[in-house]
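The values are calculated or read from the model by the stated rules, or taken from the named source; none is laboratory data. Note that the structure is predicted; figures quoted are calculated from it, not measured. For neighbour counting, all protein chains shown are included, and Cβ atoms are generated from backbone atoms with ideal geometry for every residue, glycine included. Note: accessible area is taken over every heavy atom of the protein model, side chains too, but ligands, DNA and RNA are not part of it. Shrake-Rupley method; radii C 1.70, N 1.55, O 1.52, S 1.80 Å.
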Amino acid sequence: MTESEKIAHKNGLKLAAQQVIEQRIAAAKKLIDNAQEAANSEEKSSVGDKYETARAMNQLEKEMHSKQLAQQIRELALLHEVKTEVIYTVANMGACIECANLTFFIAAGLGKQTIGGKQIIFLSPQAPLARLLQNKKAGESFVFNGKDTVIETVY
């Protein structure tokens, strides 16, 4: 893979991650709106406790989705800081790490995603595995899922 192909590949991974996060943000906003709508549409019944309980449950749901939304917005902001135009020789934020049958991209904590028919593990820079990989070079190894894994390429 040439240097420009590596940069193009990382740009594609970053774009795919951005799309996933933006979808999650849109979904969280929709769930917040739905919870608010449900709370607003609750009619006061003759049994006041039932009404108050339903409103409280809707409020809790709204708060939960608001926290998820805030987390996704932070994740997107962190992703925007990732420099994909740099070819790295050691694993760190913005690096793509290829092993025999695994590829890691340290940019955003999205877990395993299929991009272009290939499984990519997206790691947050703060993730324990990303910290384990930190500053490792091609030829070095680490333990992943109980198996010794050798890094073939870092870029």
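Below, the figures for the structure above:
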read-out	value
Cβ-Cβ under 8 Å pairs, at least 6 apart or on other chains, region 141-152 side within 12 Å of residue 102 (Cβ to Cβ), far side of a type in the set (Asp, Glu) and open to solvent by 100 Å² or more (accessible area, probe 1.4 Å)	142/148
Hits in region 89-121 - residues which are at pLDDT 95 or above, over 12 Å from the mean Cα position of the chain (by Cα) and on the phi > 0 side of the Ramachandran plot	94
Qualifying positions in region 25-50 - at pLDDT 95 or above and open to solvent by 90 Å² or more (accessible area, probe 1.4 Å)	29, 30
Within region 1-17, considering residues that are in a helix (DSSP H, G or I) and open to solvent by 50 Å² or more (accessible area, probe 1.4 Å), the one nearest to residue 78 (Cα to Cα)	15
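Per-residue answers, yes or no, for (1) out of contact with any helix residue (DSSP H, G or I) (no Cβ under 7 Å at 6 or more places or on another chain); (2) open to solvent by 20 Å² or more (accessible area, probe 1.4 Å); (3) hydrophobic (A, V, I, L, M, F, W, C); (4) under 18 Å from residue 12 (Cα atoms):
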{"position": "80", "(1), (2), (3), (4)": "yes, yes, no, yes"}
{"position": "89", "(1), (2), (3), (4)": "yes, yes, no, no"}
{"position": "99", "(1), (2), (3), (4)": "yes, no, yes, no"}
{"position": "104", "(1), (2), (3), (4)": "no, no, yes, yes"}
{"position": "110", "(1), (2), (3), (4)": "no, no, yes, yes"}
{"position": "140", "(1), (2), (3), (4)": "yes, yes, no, no"}
{"position": "150", "(1), (2), (3), (4)": "yes, yes, yes, no"}
